[in-house]
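> Got a structure here, written out as structure tokens. Questions coming.
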Amino acid sequence: LILVGGGISWYVLIHTGRENLVNEAVKDAASYSELVKKSIRYSMLTFNREAIQQTIEELTSVKNVKGIRLFDGKGIIYYSSKREDIGKQVDPSASACVVCHADPGNPSETLTRNAQWTTFAGKEGYTTLVFVDPIYNEPSCSRASCHVHPPSQRVLGVLESDFSLAAVDRDIQTQTRQTTVYAIALMCFISVILYVVLRKFVLKPVITLSEAMETVARGDFGRTVEAVSNDELGRLVHTFNDMTQE
């Protein structure tokens with residue numbers, strides 16, 4: 001019971017701790033994505049493509065930010081922290097596309113917060129968080145002087161940001177080691193305490209009483225057992241002594 005209970009508690013603590021760390025990383029990613037959108041908003045309204053590209057490249061220099069890409073509804077990359085990616089087509093089955101394209105008419109309903117991000121283990125040896133954020137066609141966009149997008153177009157594009165979770169991975173590993181050590185130490189401590197208590201108050205009296213019963217079975221009716229407690233075992237010892245006397 002101690003091993004099963006301790007194992008379940010260990011798993012719950014590890015799983016909950018990992019979820020909390022990842023959720024905090026997702027919240028940071030959402031805030032950073034919103035910052036990127038606000039940083040390039042004016043340049044998008046004025047259709048200053050070079051300023052947009054320059055802003056994205058500068059924002060990528062932030063620690064733990066691996067890359068930023070901005071592509072339209074057709075999956076064509078218009079801006080990227082890696083200039084060589086500009087103009088390429090994104091696979092429609094990619095994580096940044098599949099959720100919105102599940103219901104293109106209602107992307108805001110299908111692209112929930114849980115569906116805006118995904119994680120994968122990279123070749124670098126740490127986890128990467130990919131966060132996607134749709135850019136909707138606000139009235140200020142459709143009425144901009146460039147007139148690039150008509151008011152009927154709900155989504156202008158998608159902003160994809162990649163974040164390194166190397167620090168989160170280290171925290172998860174540290175938390176796992178600490179929780180494992182604490183769990184093993186706690187289970188060992190409880191086991192030792194239970195062993196001492198059971199040996200003193202259960203096992204030793206039962207063994208003594210069993211040996212006395214074997215003596216009586218051989219015909220020695222003068223054998224008595226000293227009661228060390230007033231619990232059920234103690235009453236059983238008194239009953240045994242009364243029986244041998246009778």
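> Which is aliphatic (A, V, I, L, M) and outside any helix (DSSP H, G or I), of 209, 186, 159, 233?
159
> Quick check on residue 200: is it open to solvent by 80 Å² or more (accessible area, probe 1.4 Å), part of a helix (DSSP H, G or I), under 30 Å from residue 8 (Cα atoms) and modelled with pLDDT under 90?
When the stated conditions are applied, residue 200 passes them.
> Which residue is least open to solvent (accessible area, probe 1.4 Å), if the candidates are limited to the stretch 7-63 and must be aromatic (Phe, Trp, Tyr) and either in contact with a strand residue (DSSP E or B) (Cβ under 9 Å, 6 or more places away or on another chain) or over 23 Å from residue 157 (Cβ atoms) (or both)? Don't jump to the end; show me each part of the working.
Kept after step one, since they are aromatic (Phe, Trp, Tyr), are these residues of the stretch 7-63: 10-11, 32, 42, 47.
Of the ones still in play, those that are also either in contact with a strand residue (DSSP E or B) (Cβ under 9 Å, 6 or more places away or on another chain) or over 23 Å from residue 157 (Cβ atoms) (or both) are 10-11, 32.
Values: 10: 87, 11: 133, 32: 28 Å².
Residue satisfying both the conditions and the ranking: 32.
> When only residues in the stretch 205-235 that are touching a helix residue (DSSP H, G or I) at 6+ places or on another chain (Cβ under 7 Å) and either closer than 14 Å to residue 245 by Cβ or small (Gly, Ala, Ser) (or both) count, which is most open to solvent (accessible area, probe 1.4 Å)?
221
> Here is a follow-up. Which one is nearest to residue 115 (Cα to Cα), of the residues in the stretch 89-104 that are at pLDDT 60 or above and loosely packed, with under 13 Cβ neighbours inside 10 Å?
Going through the qualifying residues, I end up with 93.
> If I ask for residues that are open to solvent by 90 Å² or more (accessible area, probe 1.4 Å) and over 30 Å from residue 15 (Cβ atoms), which ones from the stretch 174-197 would you list?
Passing the criteria: only 195.
The values are calculated or read from the model by the stated rules, or taken from the named source; none is laboratory data. Because the structure is a prediction, the values reported are computed rather than measured. Using ideal geometry, Cβ is built from the backbone for each residue, glycine included, and neighbour counts are taken over all protein chains shown. The area values use the complete protein model at the heavy-atom level, side chains included, leaving out ligands, DNA and RNA. Shrake-Rupley method; radii C 1.70, N 1.55, O 1.52, S 1.80 Å.
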